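Derivation of every value follows stated rules applied to the coordinates shown; laboratory data play no part. The structure displayed is predicted, hence computed values, not measured ones. In this analysis, Cβ positions are derived from the backbone assuming ideal geometry, glycine residues included, and neighbour counts consider all displayed protein chains.
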Amino acid sequence: MISLDEAVTARLESHGERFEVLVDPDAALAIKRDEFEDDLEDVIAAEDVFEDASRGDRPPENALEEVFGTTDPLEIIPEVIKRGEIQITAEQRREMQERKHKDLVNRITRNAVNPQMDDAPHPPERIESALEETDFRIDPMEPVEAQIDDALEALRPVIPIRFDTVTVAAHLPADYAGSGQAKIREFGDLQSEEWQPDGSWIGVVEFPAGMQNDFYDLVNEVSSGEAETRIVKDEDDINTR
């Protein structure tokens, strides 16, 4: 369960009765869109249905039966959310907006590159600064992933930017291959790997282009700086870094 401070109220008025439930705001939006796949008990503040959540008043059981056909809160809570309205305070709205704005900046930073600078990643500070120059504002009631295209469209007149992936081959010496390859293969989508006769390891990994510096830092860390990396553009064009 979540704390009361984290919860918003979902309210449904039907058959002359009012029903309220306390739920995580992002989970409430996912439930409303039929996109919720987690455990309901993890995203509610109370396994209960209220007539007035602020006072703790509960509706009569016959009203629950009449409107929902059950008195089980775990069956009723999603129905209240789907059929009702999500109530958020100005403070909750501000906190949701700030959280989703940070998430948006992080996602753009991980995936975007500067096509005018050899596809170098954009630092998050540059994304933040550029967004401030646009009219784009994150909608706290919409999923972040649904707003990325609009954010990119707003950013393009301000900075050169595009979403891309990069494929990098990493060669770990034998002394570091055993433990190092496990961490590298988890960084992105492992395209191929090969153990060499000398015990060294070569892995080809695809990941969001904006995470190149993070990848190189990881490779250096697991190999004490002794690994080699190559950006793989195609089978005939491999640039040594």
- Per DSSP, loop GluC sites (Glu not before Pro) in the range 1-96 with at most 10 further Cβ within 10 Å: Glu35, Glu37
- Answer rounded, prolate or oblate for the range 3-45, using the Cα gyration tensor with square roots of eigenvalues a ≥ b ≥ c: rounded when a/c is under 1.5, else prolate when a/b is larger than b/c, else oblate. oblate
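Based on the Cβ-Cβ distance from Glu142 to Ile2, what FRET efficiency comes out when R0 is 22 Å, to the nearest 0.05?
Values: r = 21 Å, r/R0 = 0.94.
E(calc), rounded to 0.05, equals 0.60.
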- Item | Relative contact order (%) - criterion: Cα under 8 Å, at least six apart; region: the chain | 15
- Two pseudo-spin positions, 7 Å from Cα along C-beta at Asp118 and at Asp198, lie apart in nanometres by 2.6
- Query: What number, rounded to the nearest 500 deg cm²/dmol, is the helix-based mean residue ellipticity at 222 nm of the chain, given -39500 (n - 2.57) per DSSP H run of at least four residues and division by all its residues?
  - Reply: -11500 deg cm²/dmol
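DSSP loop (so not H, G, I, E, B), at most 14 other Cβ within 10 Å: list which GluC sites (Glu not before Pro) in the range 140-241 pass both filters. Provide the component values of the computation, followed by the final result.
Numbers: sites: Glu145, Glu153, Glu186, Glu193, Glu194, Glu206, Glu221, Glu226, Glu228, Glu235; in loops: Glu186, Glu226, Glu235.
Those that pass, being in a loop and sparsely packed, are Glu186, Glu226, Glu235.
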- Message: I'd like the FRET efficiency for Ser179 and Glu85, computed as 1/(1 + (r/R0)^6) with the beta carbon distance as r and R0 of 41 Å, rounded to 0.05.
- Response: 0.20
- Item | Net charge contributed by nearby residues that have their C-beta within less than 13 Å of Ile108 (K/R +1, D/E -1) | -1
- For Arg55 and Gln191 in one chain, what is 0.36 nm times their gap in residues minus the Cα-Cα distance, to one decimal in nm? 43.3 nm
- Message: Through the Karplus equation 6.51 cos²θ - 1.76 cosθ + 1.60, θ set to phi - 60°, convert the phi angles of the range 129-145 into ³J(HN,Hα) values in whole Hz; use x for Gly and Pro.
- Response: 4, 5, 4, 5, 7, 9, 8, 6, 9, 5, 8, x, 9, 10, x, 4, 4
- Under a Gaussian network model of the chain whose springs join Cα atoms within less than 10 Å, the largest fluctuation of His171, His122, His15 belongs to His15
- Check: C-alpha center the range 23-40 vs C-alpha center the range 131-160, spacing in Å is 23
- Checked the chain with the C-alpha gyration tensor, a ≥ b ≥ c its square-rooted eigenvalues, rounded below a/c of 1.5, otherwise prolate if a/b is larger than b/c and oblate if not; verdict prolate
- Among Gly203, Leu64, Ile108, whose Cα sits farthest toward the positive end of the charge dipole of the chain (+1 at Cβ of Lys/Arg, -1 at Cβ of Asp/Glu, about the Cα centre)? Ile108
- Message: For the range 165-240, give me the percentage of DSSP beta bridges that are antiparallel, rounded to the nearest 5 percent.
- Response: 100
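Could you size up the charge dipole of the range 90-162 around its Cα centre, putting +1 on the beta carbon of Lys and Arg and -1 on that of Asp and Glu, and report it in debye to the nearest 20?
On the way: 11 positive and 17 negative charges, 30 e Å.
So the dipole magnitude of the range 90-162 works out to roughly 140 debye.
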- If amide H atoms are modeled at 1.01 Å from N in the peptide plane, then the residues at a separation of 5 or more from Val232, or on another chain, having amide H under 5 Å from its own are Thr167, Val168, Ala169
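At a Förster radius of 30 Å, what calculated FRET efficiency corresponds to the Cβ-Cβ distance of Glu133 and Lys233, to the nearest 0.05? Walk me through the intermediate numbers first.
Values: r = 32 Å, r/R0 = 1.08.
So, using R0 = 30 Å, E works out to roughly 0.40.
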- Task: Considering only Pro208, Pro121, Pro73, give the residue with the highest GNM mean-square fluctuation for the chain, with springs between Cα atoms whenever their separation is below 10 Å.
- Result: Pro73
